[in-house]
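Here's the structure, in structure tokens; my notes come after.
The values are calculated or read from the model by the stated rules, or taken from the named source; none is laboratory data. Note that the coordinates shown come from a computational prediction; the quantities given were computed from them, not determined experimentally. We place every Cβ from the backbone using ideal geometry, glycine too, and count neighbours over all the protein chains shown.
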Amino acid sequence: MNPLKKLAGQTALYGTSTILGRILNYALVPIHTSIFLESQYGKISDLYAYVAFFNILYTFGMETAYFRFSAQKKYHGNRTLIYQSAMTWVVLISFSVSALLFWQAPTLAHWLGYPEDAHLVRWLAVIMMLDAIIAIPFARLRLENQARWFAIAKLANIGLQVGLQLLFLLVLPQFIDTSAWFASDVGEISVSFVFLANLIASLITPLFLWRWLIDYRPSLNPQFIKPMLVYATPILLMGVAGMINERIDIILFADLLPEGFYPDKTSQQALGTYSASVKLSIFMLLAIQAFRYAGEPFFFSGAEDKNAPSLFAQVMHYFTIFSILILVAVSLNVELIGKLFLRSAGFRDALYIVPFLLFGKLLYGVYVNLSVWFKLTDQTIFGTIIAGAGAIVTLIVNILLIPVLGYLGCAVASISCYLVMCSICYYYGRKYYPIPYFFGPSLVYLIIGIGLIYLAFAVDLPSDLLENGLNIGLTLLFALVIFLREKKNLRSYNQA
């Protein structure tokens with residue numbers, strides 16, 4: 001089979017489960033933004049931002065290490081021991097860290113600014129431990145091309161979360177007074193129900209992976225775990241730096257934003273508004289996540305092919321084009337999407353930053369492609385250095401611009417970070433693993449797309465119907481032009 005078609009097929013399989021799952025999860029956004037106050041929504045975003053950091057520590061880069069060592073020919077007869085070693089390390093780390101968090105929950109809750117929410121810290125400690133333990137089985141499913149079971153387990157987790165949240169937030173309040181169940185949200189529907197639904201779903205999800213968990217035997221074989229840790233530690237550090245790039249704006253925003261910067265909002269309310277707009281960049285993240293699920297095994301398995309560099313360049317080309325389509329489609333129709341998903345008008349005050357956020361995520365997707373060289377050459381230390389440089393840029397720009405530009409400062413920080421990371425990664429990639437990337441066509445599409453976005457924002461039509469019709473029409477026209485332009489090129493490549 002043509003390798004591009006194979007990758008596209010795998011991406012579609014993982015993408016279907018990812019997209020369906022995210023759509024289910026995303027269906028909660030209108031509910032959350034109609035039920036919760038902006039300050040409550042800000043609390044949810046704030047706590048989950050910290051969870052993202054801990055998830056990196058819990059998995060310790062072992063997913064990528066498992067892929068790398070399982071793909072090497074000299075380890076082919078020892079895949080089971082590699083799996084056991086990776087799994088055991090993650091179990092030890094996750095149990096130890098969660099035990100500490102559980103014990104110190106009251107202190108941590110007070111430090112986070114939510115002194116009455118120690119129970120949330122304890123729940124999140126259990127959630128993170130359970131999710132980390134099943135991370136390696138999920139990686140095994142990807143390595144064994146078990147996309148169907150991967151999709152079932154992922155959708156089960158998200159479906160449970162969504163169903164339980166609907167039960168707790170919409171159904172139960174019709175029959176029972178739940179407003180005083182948790183001390184931190186007396187008089188309002190509590191955000192604790194969001195975390196409780198997550199906890200129950202995380203407790204049940206491992207049952208869907210029992211076939212891959214039942215044959216687990218604790219093992220820390222030095223022959224495998226030592227080189228895996230050497231390989232994985234830079235990835236851990238890279239992940240921490242990457243999370244700074246992705247989530248530090250949420251953590252810093254309320255503290256850096258001057259009180260009264262937005263006259264009708266407190267800093268915590270503004271955080272909720274910003275977090276809601278960040279949700280609209282989910283469409284780009286879906287594409288990147290689906291690509292990563294299929295791409296990592298694909299890159300590792302094809303690394304020794306003499307045509308790999310040319311193939312990887314083609315992958316970058318079509319990934320970038322698809323990402324540009326998402327950027328243009330969402331940006332042109334952001335007002336319509338915002339009204340559909342962000343039910344309270346206060347949550348739509350920051351929609352103007354969505355194109356900037358999407359562009360930042362597009363650059364992140366380009367970096368994901370560029371970063372293949374240091375993973376394939378076992379020089380993951382470069383990933384740590386590059387992500388560290390991005391983290392420094394993110395911190396500096398956020399600290400400088402949030403007090404001055406508010407929401408827009410965060411978006412500029414994201415773009416600046418990924419521009420720097422892409423530039424450094426591309427420069428060193430040409431030295432150590434040359435790939436003949438061709439960015440010219442993508443750059444032309446990007447310039448045209450940005451022009452269309454600017455036009456849509458500049459033109460003020462007399463009715464929403466006309467405006468929505470024009471924006472949808474421009475989106476379809478842009479997609480059609482790219483399709484016709486690329487169809488011929490793709491046919492030529494397939495014949496070659």
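Out of the residues in segment 279-329 that are at pLDDT 85 or above and touching a Ser or Thr at 6+ places or on another chain (Cβ under 8 Å), which is surrounded by the most Cβ atoms within 10 Å (Cβ to Cβ)? Applying the filter and picking the extreme gives Val328. Scanning segment 369-383 for residues that are crowded, with 20+ Cβ neighbours inside 10 Å and assigned to a helix (DSSP H, G or I) gives Asn369, Leu370, Val372, Trp373, Phe374, Lys375, Phe382, Gly383. Within segment 421-437, being over 23 Å from Thr394 (Cβ atoms), surrounded by 12 or more Cβ atoms within 10 Å (Cβ to Cβ) and of a type outside the set (Val, Ile, Thr) holds for Arg430, Tyr432, Tyr433, Tyr437.
If the condition is being at pLDDT 85 or above and closer than 15 Å to Leu336 by Cα, then segment 447-465 contributes only Ile453.
Put simply, of Glu486, Glu467 the only residue that is in contact (Cβ under 8 Å) with a residue 24 or more places away in the chain, of a type in the set (Asp, Glu) and either over 23 Å from Leu363 (Cα atoms) or crowded, with 18+ Cβ neighbours inside 10 Å (or both) is Glu467. Filtered by the rule that a residue be over 8 Å from Asn245 (Cβ atoms) and out of contact with any Pro (no Cβ under 6 Å at 6 or more places or on another chain), segment 384-394 gives Ile385, Ile386, Gly388, Ala389, Ile392, Val393.
Name the single residue, out of those in segment 443-457 being buried (at least 19 other Cβ atoms within 10 Å of the Cβ) and not β-branched (Val, Ile, Thr), that is farthest from Gln314 (Cα to Cα). Steps first, answer last, please.
To start, the set of residues in segment 443-457 that are buried (at least 19 other Cβ atoms within 10 Å of the Cβ) comprises 445-446, 449, 453, 456.
Filter once more, so that each one left must be not β-branched (Val, Ile, Thr): 445-446, 449, 456.
Numbers: Tyr445: 16, Leu446: 17, Gly449: 21, Ala456: 31 Å.
If we take residues in segment 443-457 being buried (at least 19 other Cβ atoms within 10 Å of the Cβ) and not β-branched (Val, Ile, Thr), then Ala456 is farthest from Gln314 (Cα to Cα).
Which one is farthest from Gln314 (Cα to Cα) among residues in segment 370-393 that are free of Cβ contacts under 8 Å to residues at least 60 places away in the same chain and of a type in the set (Ser, Thr, Tyr)? The qualifying residue farthest from Gln314 (Cα to Cα) is Thr377. Taking segment 330-352 as the range and being of a type in the set (Val, Ile, Thr) and either farther than 20 Å from Thr33 by Cα or surrounded by 20 or more Cβ atoms within 10 Å (Cβ to Cβ) (or both) as the test, the residues that pass are Val330, Val334.
Summed over segment 91-115, residues that are of a type in the set (Gly, Ala, Ser), crowded, with 17+ Cβ neighbours inside 10 Å, closer than 29 Å to Ile136 by Cβ and without any contact (Cβ under 8 Å) to a residue 24 or more places away in the chain total 1. Could you please find all residues in segment 192-215 being modelled with pLDDT under 85 and not in a helix (DSSP H, G or I)? The one that is modelled with pLDDT under 85 and not in a helix (DSSP H, G or I): Asp215.
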